[in-house]
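Peer 1: Following this message is one structure expressed as structure tokens.
The values are calculated or read from the model by the stated rules, or taken from the named source; none is laboratory data. Just so you know, these numbers come straight off a predicted model, no measurement behind them. Positions of Cβ are backbone-derived with ideal geometry, glycine not excepted, and every protein chain shown enters the neighbour counts. Accessible surface is based on the protein model in full, side chains and every heavy atom, while ligands, DNA and RNA are left aside. Shrake-Rupley method; radii C 1.70, N 1.55, O 1.52, S 1.80 Å.
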Amino acid sequence: MEDRSDVYRTVDIPAEGEYYEKRSKFLAFLEPVHSLEEVKERVEFYQKKYYDARHCCYAYMLGPERKEFRANDNGEPSGTAGKPILGQINSNELTDVLIVVIRYFGGIKLGTSGLIVAYKMAAADAIEHAEIVEKTVDEEVTFYFEYPFMNSVMRIVKEENPAIVSQGYDNDCSMTLRIRKNMMPRLKARLDKVDTLRFEE
């Protein structure tokens, strides 16, 4: 059974969705984000672009552990907008994403349950139009060794198949490898057996 604790679901390209309810229009935008700065930047972009809209609500989730998240109702009754959007991010197990839902008020009040459904459906529609990708949590390791042991190192690299991030051949050879988190212990254990090889602290 493959260990999937280091796999997460996200998107690489933005997607859009929409939902209409009693003349209110809900436009949903799903974007890949990797930091709080990016979240702020994208939310500001939508607030400016749709300055004439009644509400610009959003939710985001960051990091492979999915521990950093927030939901914002932007003036809608508490818990009726950001939370249902976040709920869709959660039920699709997504991370490193931001969903912004813009609401144009149609003159008829939807009530709290109506709002919850509308924001949820708009977010769900954006996710449905998105291409969800699986990524692995990767780690890097840097080490040094003497040139005569190059073949031993390269054999391990060939068999374990990590990505070679960088390599140098000065007096000492150096190499930085990147591999899935749950494969790192085995890679390091094998490298550790190579004579003269030492890991960067």
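Peer 1: Under a 5 Å amide H to amide H cut-off, with H placed in plane at 1.01 Å, what residues pair with residue 96 once short-range neighbours are removed?
Peer 2: It is 61, 62, 63, by chain and number.
Peer 1: Past the 19 Å Cα-Cα mark, which pairs from 83/120; 25/120; 48/83?
Peer 2: Over 19 Å Cα-Cα: 48/83.
Peer 1: Working from Cα positions, state the angle (0 to 90°, nearest 10) between the long axis of helix 36-49 and the longest principal axis of the chain.
Peer 2: With both axes taken from Cα atoms, the answer is about 30 degrees.
Peer 1: For the peptides 166-172, 28-34, 42-48, what is the packing order when you average, over each peptide's residues, the other Cβ atoms within 10 Å and list the highest mean first?
Peer 2: Top of the packing list down: 28-34, 42-48, 166-172.
Peer 1: Next question. Would you mind checking the tilt of helix 82-91 against the longest principal axis of the Cα atoms of the chain, expressed as 0 to 90 degrees and rounded to 10?
Peer 2: Rounded to the nearest ten degrees, it is 40.
Peer 1: Angle between the Cα long axis of helix 111-128 and the longest principal axis of the chain, 0 to 90 degrees, nearest 10?
Peer 2: Once rounded, the angle reads 40 degrees.
Peer 1: The chain: D in µm²/s via Stokes-Einstein (Kirkwood Rh, Cα pairs, 37 °C, 0.692 mPa s)?
Peer 2: In µm²/s, the coefficient is 169.
Peer 1: Keeping the other protein chains in place, figure out the carbon and sulfur percent of the accessible area of the stretch 12-61, with a 1.4 Å probe.
Peer 2: C and S atoms contribute 48 percent here.
Peer 1: Tell me which lysines have Cα within less than 23 Å of residue 188's Cα, excluding those fewer than 8 residues away on the same chain?
Peer 2: Reachable lysines: 135, 158.
Peer 1: Still on this structure, I have one more. Out of residues 5 or more away from residue 7 or on other chains, whose amide H comes under 5 Å of its own, with H placed 1.01 Å from N in the peptide plane?
Peer 2: 137
Peer 1: Let me ask something additional. Calculated from DSSP H runs of 4 or more alone, at -39500 (n - 2.57) each and per residue, what is the 222 nm mean residue ellipticity of the chain, nearest 500?
Peer 2: Computed ellipticity for the chain at 222 nm equals -9500 deg cm²/dmol.
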